[in-house]
1. Could you pull out the residue among 166, 123, 132 that is away from the ligand (no atom under 13 Å from the Cβ) and crowded, with 17+ Cβ neighbours inside 10 Å?
2. Step by step: first the residues of the range 236-247, then only those that are over 15 Å from residue 187 (Cβ atoms) and touching a strand residue (DSSP E or B) at 6+ places or on another chain (Cβ under 8 Å), then the one that is nearest to the ligand (Cβ to nearest atom). Which residue is that?
3. For the range 248-278, enumerate the residues that are over 25 Å from residue 199 (Cα atoms) and within 10 Å of the ligand (Cβ to nearest atom).
4. I'm trying to understand the selection: among the residues of the range 234-285, which are in a helix (DSSP H, G or I), modelled with pLDDT of 95 or more and farther than 28 Å from residue 208 by Cβ?
5. Out of (1) within 16 Å of the ligand (Cβ to nearest atom); (2) outside any loop (DSSP other than H, G, I, E, B); (3) within 17 Å of residue 132 (Cβ to Cβ), the odd one out for residue 293 is which?
6. Only one of these conditions is not met by residue 293: (1) closer than 30 Å to residue 119 by Cα; (2) surrounded by 19 or more Cβ atoms within 10 Å (Cβ to Cβ). Which number is it?
7. Collect the residues in the range 345-374 that are surrounded by fewer than 16 Cβ atoms within 10 Å (Cβ to Cβ) and either under 21 Å from the mean Cα position of the chain (by Cα) or under 18 Å from residue 274 (Cα atoms) (or both), keeping them in residue-number order.
Ligand SMILES: C[S@@+](CC[C@H](N)C(=O)[O-])C[C@H]1O[C@@H](n2cnc3c(N)ncnc32)[C@H](O)[C@@H]1O
């Protein structure tokens with residue numbers, strides 16, 4: 001089945017804005033240019049990246065032949081009784097990185113790998129200790145090289161932890177995702193597509209591949225659209241999914257959307273999103289937004305929350321969902337949560353770890369999960 005991707009192409013941004021972004025990039029990065037602007041987008045089209053590309057290079061594929069042909073836990077039941085091997089999150093992440101690298105190479109003046117190392121370090125600092133500091137600046141996700149760093153570092157883990165969360169409330173998740181009609185999923189702060197990855201992994205593993213899904217991704221950062229579209233493309237032939245982008249800055253009610261139809265979704269996901277915006281909730285805007293979404297959601301809607309664990313973050317989320325019309329379906333916190341066994345990080349580490357400065361992808365973390373249901 002074909003993937004129907006409907007994310008609007010990036011609109012041309014005013015030159016003045018591009019200039020300001022470029023200045024900002026130069027200031028931050030010691031003179032190298034990596035601005036995902038108009039030029040960036042035209043490269044994308046010229047390279048034909050909307051087309052489906054091979055997931056893994058054939059040589060690598062061959063070396064993993066036994067994995068591909070042996071019955072595997074991560075796969076789907078075939079009519080011949082075997083299980084077909086489906087790509088893992090790391091393989092999908094690698095596919096997108098491979099497609100983004102030539103685009104980034106055209107944008108960066110100077111050493112591309114060095115720039116990606118800088119982005120990885122910068123993400124580590126941003127996610128370090130200060131996420132709740134009220135005077136911190138929002139994380140900058142505008143650059144293609146940041147997307148490469150994010151796909152290398154976080155995407156597979158975030159997708160897998162959402163998948164694991166859905167497995168923890170399997171019956172509820174199956175009911176929400178198996179409706180005999182197109183399923184609607186809203187991903188708040190879902191920019192890179194990790195939420196899509198987690199939900200699609202669950203559908204594949206549960207053999208719910210006939211289910212058509214419409215994803216609405218609400219995010220402040222439009223620049224994610226290209227990377228996420230490439231990620232969605234890795235499901236071509238496996239699942240029928242559509243994804244739309246809806247601009248949203250949750251911390252600024254002037255910029256809240258007028259279109260609240262996304263609240264009518266079967267699942268509303270918040271994956272590693274709230275921890276990034278609590279520090280901007282000084283005037284209660286984030287809370288008001290969440291309350292409004294819960295108010296508008298129909299009975300039966302599932303809210304999935306996967307995020308940094310611990311006493312700093314969990315009580316904030318729990319307080320928002322402490323309402324009479326909300327039922328807690330599953331909850332937990334593991335300070336050393338691992339990835340599912342089939343997620344082998346060497347898929348990205350072998351080609352990129354040294355190139356990207358030695359940092360490891362996320363393989364474990366202090367992670368909290370909740371699934372709430374609207375009564
Ligand atoms: C750590 S990333 C998580 C992305 C994805 N859900 C995942 O699990 O990997 C945080 C996301 O929130 C988005 N974001 C940050 N601040 C936001 C805001 N004020 N309003 C809407 N989205 C925001 C970012 O653009 C980014 O996509």
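The values are calculated or read from the model by the stated rules, or taken from the named source; none is laboratory data. All values derive from a computational prediction rather than experimental measurement. Please note: Cβ atoms are built from the backbone with ideal geometry, for glycine as well, and neighbour counts cover all protein chains shown.
1. Checking each option against the conditions leaves just 166.
2. Ranking the candidates gives 239 first.
3. If the condition is that a residue be over 25 Å from residue 199 (Cα atoms) and within 10 Å of the ligand (Cβ to nearest atom), then 251, 252, 255, 256 are the ones that fit.
4. 275, 276, 277, 278, 279, 280, 285
5. (3) is the only condition that residue 293 fails.
6. So the condition that residue 293 fails would be (1).
7. 346, 360, 363, 364, 366
Conditions (1) over 20 Å from residue 373 (Cβ atoms); (2) in contact with a strand residue (DSSP E or B) (Cβ under 6 Å, 6 or more places away or on another chain); (3) free of Cβ contacts under 8 Å to residues at least 60 places away in the same chain, marked per residue:
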position: 166; (1), (2), (3): no, no, no
position: 174; (1), (2), (3): no, no, yes
position: 177; (1), (2), (3): no, yes, no
position: 184; (1), (2), (3): no, yes, no
position: 205; (1), (2), (3): yes, no, no
position: 218; (1), (2), (3): yes, yes, yes
position: 228; (1), (2), (3): yes, no, no
position: 231; (1), (2), (3): yes, no, no
position: 250; (1), (2), (3): yes, no, no
